[in-house]
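Laboratory data are not the source of any read-out in this text; all were calculated from the coordinates shown. Quantities reported herein were computed from a predicted structural model and do not represent experimental measurements. Positions of Cβ are generated from backbone atoms using ideal geometry, with glycine treated the same way; all protein chains shown enter the neighbour counts.
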Amino acid sequence: MAVLVVGSVAFDTVRTPFGAGEEVLGGSAAYFALAASFFTEVRLLAAVGEDFREEDAALLREHGVDLRGLTREPGRTFRWEGEYGYDLNNPRTLRTELGVFAGFRPRVPEAYRDSEVVFLANIDPEIQSEVLGQTRSPMLVACDTMNFWIERKRDALIRTLSRVDALLINDGEARQLTAEPNLVRAAHAIRDLGPRTVVIKRGEYGALMFRDGSVFSAPAYPLENVLDPTGAGDSFAGGFTGYLARTRDFSDEAMRRAVSFGSVMASLNVEDFSLRRLARTSRREVEERYGAFKHLTHFETID
Ligand code: AMP
């Protein structure tokens, strides 16, 4: 099954205690698309400015990402600037420049409209809703968001969530969205807004998935070298959604494997700046890390 993703394609300027990246390729849709491309066909919908670099588009194209929905608009590409301290879980946003996204009216290309899986990556929730309105009854709609939109476009976000099957969100943002400090209660409150499945990402502490009566917990893969956590959430979403689209299986068991593939893709992504680590990853490496992840979390039952 093909996955349609709408979200940001950006130039990021990032500082971590281990290095820096200046105007490097980033954006929620770019990280998602590259991660999901290891599993299935990906159709990207986003806007970039006149300053967008051909080499960045080429990286996505080389991984088979369909770029017919990537339009070049007059103006500047979206820019985000952030900084991490030694606690790599929480970036400090120094600057967000919407650029071409400020007045963007998405038009889903005809060839994308029958996509059976849709991922609404982090972007203005009004854009997320407009895209959803132009698709023909997808089987699975998943979504991400962040504090920037929770603070500025809360009502629009609540409207989008009422049409979403799965929300992937980080812990701080789940608390902020629901005004509920306890994560179990926050997940229930989000389910009341629409999404049947809620995945709460907790950075280096892993992820929790809440569905109907069940909870699943996955750790983060323990790594010795974390250089840049930017895009971890989007790569997680790419592994999660890409795996579900490939298998066409939305059972609880498949969702648990999808969370594990999400953790695998996030763990690869944080080993370098920008999309560099995913760009040099092989399918075999993804499978090997999945095996290592299974080993990490496996233990015997007792009689
Ligand atoms: P993540 O680390 O997975 O939460 O996402 C990081 C990416 O989100 C960066 O590459 C940014 O370009 C992008 N980003 C940051 N702020 C926003 C925003 N307000 N809307 C859309 N994308 C954003």
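Computed on the Cα atoms alone, the convex hull of the chain gives a volume of 128 cubic angstrom per residue. Taking label positions 7 Å along the Cα-Cβ direction at both Arg284 and Ile158, the computed distance is 5.3 nm, reported to one decimal.
Working note: Cα atoms of segment 1-79, range along each principal axis, descending, whole Å: 39, 32, 19.
Per residue of the chain, the DSSP helices (runs of n ≥ 4 H) give a summed -39500 (n - 2.57) that works out to -11000 deg cm²/dmol at 222 nm. Using a simple spin-label model with pseudo-atoms 7 Å out from Cα toward Cβ, Glu300 and Asp192 lie 4.5 nm apart. Cβ-to-Cβ counts within 10 Å put Thr241, Thr135 in ascending order as Thr135, Thr241, the fewest first. Dipole orientation for segment 74-207: of the candidates Ser115, Tyr86, Thr135, Thr135 has the Cα lying most toward the positive pole (charges on Cβ; Lys, Arg +1; Asp, Glu -1). Based on every Cα atom in segment 63-163, Rg and the maximum pairwise Cα distance Dmax equal 15.2, 46 Å.
Among the trypsin sites (Lys or Arg not before Pro) found in segment 259-303, those both in a DSSP coil and sparsely packed, with 11 or fewer other Cβ atoms within 10 Å of their Cβ, are Arg280. Quick note on segment 197-303: its Rg to Rh ratio, both from C-alpha atoms and Rh being the Kirkwood radius, is 0.97.
For segment 17-118, trypsin sites (Lys or Arg not before Pro) meeting the loop criterion (DSSP other than H, G, I, E, B) and having at most 13 other Cβ atoms within 10 Å: Arg53, Arg107, Arg113. The GluC sites (Glu not before Pro) of segment 1-64 meeting both criteria, a DSSP state outside H, G, I, E and B (loop) and at most 12 other C-beta atoms within 10 angstrom of the site's C-beta, are Glu50. For the chain, complete DSSP H runs whose alpha carbons reach 20 Å or more along their own long axis and whose mean Kyte-Doolittle score is 0.0 or higher are 232-247, 252-269.
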